[in-house]
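Report on the following structure.
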Amino acid sequence: MDGILPLWKPKGFTSHDCVSKARGMMKTRKIGHTGTLDPDVEGVLPLCVGKATKIVPFLTDTEKVYEGTVTLGYSTDTEDASGETIESKAVDPSLTVKEIENALLSFQGNITQTPPMYSAVKVNGKKLYEYAREGIEVERPTRTVTIEEISLLNKDLVIDGDTVSFGIRVVCSKGTYIRTLCVDIGKALGYPAHMASLVRTKTADITAADCYTFTQVQEAADQDQRDSVLLPLARGLTHMPSWDISDEYVSWIQHGRVLEKPNDLDADTFNVKHGEDVLAIYQQHPSKPGLIKPVRVF
């Protein structure tokens, strides 16, 4: 049983919880997830099953799409709605949609982020949230991420007392902290802020429409139709260039042969297909110009 289980992760579960639950339903231990989602976040969480676990790093390193809510007026120690308030400031009722749109545009492109203390990033071999729970503040490494697109979901601002909330849609690179983005948007507007809610709607080519809930996965398992909830391995590699090979190359690819580089393929890394089947992932040979070598063979 090999393929990608496009899971709709529910709130209240860690990504690791989802892997553990899916292992029981799919009756296999060979399952890996493709990008951590916080417990309070729901949405698209592709789980790689069987041979598809070999593509986990390639599917993880893809664009993600999120829809979230920014609330201006107070910030929290976790940067989301689950934390304790650490700063508050009443939002000026004259704040306009145009001001917010201008602030959002300033984040488009490459930006630098500092991961929140309540995150799984490791410092000296220990996760930041473990330091946070002990009340220890440590220096956090910054990272550069890419915001491909950012926009308001609609023009309606939700005013609730001294706070103002609005929805955003973000297309971004791997490793982007939307919580931190929400806080930084607030700073750009002059207010403490936090992420009130978040949904991941897309990972690479896998969307919400492709996903199954745990209830649906269990139903398929009860009917011994586990394969019916799996996408083919190729769906996790659509972002990558492909080399379609003829019959004569199949055996060589399956045995991981180093080969001459195809004249029309200059990509550093690409998948190798025979018909609809992905046989391997190859890359330009790092020390032998004009040759290609396997990274993964399926």
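Rule-based calculations on the coordinates, nothing more; no lab input. Just so you know, these numbers come straight off a predicted model, no measurement behind them. Positions of Cβ are backbone-derived with ideal geometry, glycine not excepted, and every protein chain shown enters the neighbour counts.
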What percent do you get for the relative contact order of the range 242-297 when only Cα pairs under 8 Å and 6+ apart count?
-> 37
Based on other C-beta atoms within 10 Å, arrange 11, 64 from fewest to most.
-> 11, 64
Tail fraction, Cα-Cα pairs, the chain, threshold 33 Å, whole percent = 35
The alpha-carbon center of the range 275-298 and that of the range 48-113 are separated, in whole Å, by 36
Residue 228 paired with residue 106, simple spin-label distance in nm, labels 7 Å along Cα-to-beta-carbon | 5.3
Sequence-separation-based contact order of the chain, relative, with Cα cut under 8 Å and 6+ spacing, percent | 22
The range 58-78 residues near the modelled residue 36 label - backbone nitrogen below 16 Å, point 7 Å along Cα→Cβ | 60-61, 78
For the range 81-226, which semi-axes, largest first and in whole Å, follow from the square roots of 5 times the eigenvalues of its Cα gyration tensor?
-> 30, 23, 17
Relative to the first principal axis of the alpha-carbon coordinates of the chain, what is the inclination of helix 178-189, with its axis defined by its Cα atoms, in degrees from 0 to 90 and to the nearest 10?
-> 40
Expected-Rg normalisation [2.2 N^0.38 Å, Cα atoms] applied to the range 242-297 | 1.00
Taking the chain as a Gaussian network, Cα atoms linked when under 10 Å apart, which of 149, 139, 130 shows the biggest mean-square fluctuation?
-> 139
Fewest Cβ neighbours within 10 Å first, please rank 240, 195, 1 accordingly.
-> 1, 240, 195
For the range 39-93, report the translational diffusion coefficient in µm²/s to the nearest whole number, using Stokes-Einstein at 10 °C, 1.306 mPa s, and a Kirkwood Rh over Cα pairs.
-> 108
Tell me, 214, 58, 166 in order of fewest to most beta-carbon neighbours within 10 Å?
-> 214, 58, 166
Beyond 32 Å between alpha-carbons counts as too far, so tell me which of 126/174; 9/261; 27/202; 9/273; 11/127 fall in that bin.
-> 9/261
Does the range 143-298 classify as rounded, prolate or oblate by the C-alpha gyration tensor (a ≥ b ≥ c root eigenvalues; a/c under 1.5 gives rounded; else a/b over b/c gives prolate, otherwise oblate)?
-> oblate
Relative contact order (%) - the range 1-145, alpha-carbon pairs under 8 angstrom, separation at least six = 16
